[in-house]
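The values are calculated or read from the model by the stated rules, or taken from the named source; none is laboratory data. Small disclaimer: the values here were computed from a predicted structure and weren't measured. We place every Cβ from the backbone using ideal geometry, glycine too, and count neighbours over all the protein chains shown.
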Ligand code: ADP
């Protein structure tokens, strides 16, 4: 076994790899960007080395620098984790040239599977079923459009270099093909430097079922069963489980054999995942699945396989990389019980799941034997726009699927995460969704059920607002009483200790609730009572006070409350819903309307690129474009004004 490893990654996966490496007695070497100097993975490892600025392109993706650090720190191997350089064939080769073992497959295997078009062609040859479509070299829009017509709509356009759901467009009809093609190509070029695409049949009621495979240098390949990752949003996995609901022994054998054949076709060594799409319209069938792609690395959702097989996949990765034989037999890895993983993200489920950055002012996980938490952040850490905003993976394992889902939902309810918005309540709602529980779901489930899952804009939570205002006002009066608060003479706060003879007296104070100006009412009678539009504080809510704000967690939602000081009062109150703001820090790719133009609700106004994804901003109401505040190409800060839509006069 190796004596030392450099972990060329960050976040939860760097921490998870370090855990196993330490157990195996290795010296663990971390690397970190400027944004990660205080990160958990840095502290978990035996030593840590800086590798550059926050942007991954200048740090975690700089192969030469990682290899230089590995050499100087005397690392025997490099574990790439997932993402970053994990599927970079040149990096794998460079490790080899430097005399360092790359914990992963050979560069050739990575290359063979790296592009979706080539991988499909290779799999076809190996006798693995692939999704019907065009994956040849020709890229003229007219030709591809003809192919799409031949394949039959709906089709899916995929960037051949794509990953993580980027560069993918579903097209319903011929007339929409050109625009979708252009977008997929543009996204592919921007994210992967490769604009080429393939076109394939869009499988109806698709289930995403993938097989974990493992190969060694001695020609052994086995599979460790399937994972069902059908709960997705924008082609990104949200909840994963093993086994797949509705799986039969016959289908598992067929898929397992196809996955092993796929791995063998490229001489695969190490942990890999062969992703299939299955047609779930009439239940899973042994002849109804097709190869989508192979990921030549450890997968985010590997813990559900670990839970159900009792194996440590990272340990096997190290063993196999060190040249050991895979001693596991196919018969020893039959699934035990059921495991489900939920990906906890810093994102705003109510606003299209936009990443939500900022300091995690609170982060507390339940400590339960039946729950595994894989995380790379702690309370006080900053979720930045530089990296994937995942906070943790929460994994439950139980004898049955229902039990596992119940435990997962309960664990999600217990997690306290404040600061950025999170998808906690959305995940819990998913775990409890009756159709999902009953096994009636496919990859479109989330999109079809957004409202039922709570992923739509909610009205202001006034009880939460009153709860937060109560906390802030109490803190404020305590400070005033203690003389530690610089007390402005005209402030309403100095009235808080007034004793009133004439019955109840009340003052109205301005508060910012989720950025909106509201009036809280403080009534003084037998103590102080804060209400907001007659809503009183909810004693069951969790309040986290930080940086002058109160973060109120109530019924799985977060409401941020601030007191408004003096001159902050001129906040534009009349803005309402007509001001279009940048959902996050990014770049304006296109402005699609002009000042003075009439728009209907839902009309596309502008496209903003953020975190390598395109976000279309649409009109929230019918109206007139009253102001356009940006130009294409311009950078915008989160919350920055993009344009203003003046509501159309109501017709009589
Ligand atoms: P990426 O590499 O970006 O993750 P994949 O090819 O793995 O892209 O596809 C991601 C997801 O898109 C799949 O899990 C599945 O839900 C959906 N998908 C892919 N191909 C098809 C298809 N032909 N029909 C329907 N859905 C598909």
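Listed values, structure above:
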{"quantity": "Given (1) within 12 Å of the ligand (Cβ to nearest atom); (2) modelled with pLDDT of 95 or more; (3) more than 20 Å from residue 437 (Cα to Cα); (4) within 26 Å of the chain's Cα centre (by Cα), index of the condition residue 289 fails", "calculated": "(4)"}
{"quantity": "Residue 209 in contact with a strand residue (DSSP E or B) (Cβ under 9 Å, 6 or more places away or on another chain) and within 10 Å of the ligand (Cβ to nearest atom)", "calculated": "yes"}
{"quantity": "Criterion: modelled with pLDDT under 95 and within 27 Å of residue 157 (Cβ to Cβ) - qualifying residue of 227, 297, 234", "calculated": "234"}
{"quantity": "Test: residue 447 is within 23 Å of residue 354 (Cα to Cα), touching a strand residue (DSSP E or B) at 6+ places or on another chain (Cβ under 6 Å) and touching a residue at least 60 places away in the same chain (Cβ under 8 Å)", "calculated": "no"}
{"quantity": "Output for region 110-144, where each listed residue is in contact (Cβ under 8 Å) with a residue 12 or more places away in the chain, assigned to a helix (DSSP H, G or I) and in contact with a strand residue (DSSP E or B) (Cβ under 9 Å, 6 or more places away or on another chain)", "calculated": "112, 113, 116, 117, 119, 120, 121, 123, 144"}
{"quantity": "Pairs where the first residue, in region 157-175, is within 13 Å of residue 190 (Cβ to Cβ) and the second is part of a strand (DSSP E or B) and within 7 Å of the ligand (Cβ to nearest atom), C-beta under 8 Å, 6+ apart", "calculated": "159/168; 162/168; 167/158"}
{"quantity": "Listing of strands (runs of 3 or more DSSP E) fully contained in region 343-439 that carry 2 or more residues being within 22 Å of residue 39 (Cα to Cα) and under 12 Å from the mean Cα position of the chain (by Cα)", "calculated": "390-398"}
{"quantity": "Filter result for residue 196 (more than 10 Å from the ligand (Cβ to nearest atom), at pLDDT 95 or above and farther than 30 Å from residue 77 by Cα)", "calculated": "yes"}
{"quantity": "Any hit, region 140-150, residues being surrounded by fewer than 22 Cβ atoms within 10 Å (Cβ to Cβ) and at positive phi", "calculated": "no"}
{"quantity": "Residue within region 220-241 that is more than 10 Å from the ligand (Cβ to nearest atom), closer than 30 Å to residue 137 by Cα, touching a strand residue (DSSP E or B) at 6+ places or on another chain (Cβ under 9 Å) and not in a helix (DSSP H, G or I) present", "calculated": "no"}
{"quantity": "Residues satisfying the stated conditions in region 264-286, i.e. more than 13 Å from the ligand (Cβ to nearest atom), in contact (Cβ under 8 Å) with a residue 24 or more places away in the chain, surrounded by fewer than 19 Cβ atoms within 10 Å (Cβ to Cβ) and on the phi < 0 side of the Ramachandran plot", "calculated": "264, 285, 286"}
{"quantity": "Cβ pairs under 7 Å, 6+ apart, first in region 429-444 and more than 16 Å from residue 284 (Cβ to Cβ) and at pLDDT 95 or above, second part of a helix (DSSP H, G or I) and within 16 Å of the ligand (Cβ to nearest atom)", "calculated": "430/436"}
{"quantity": "Filter result for the condition that a residue is surrounded by fewer than 22 Cβ atoms within 10 Å (Cβ to Cβ) and near the ligand (Cβ under 10 Å from one of its atoms), over 185, 168", "calculated": "168"}
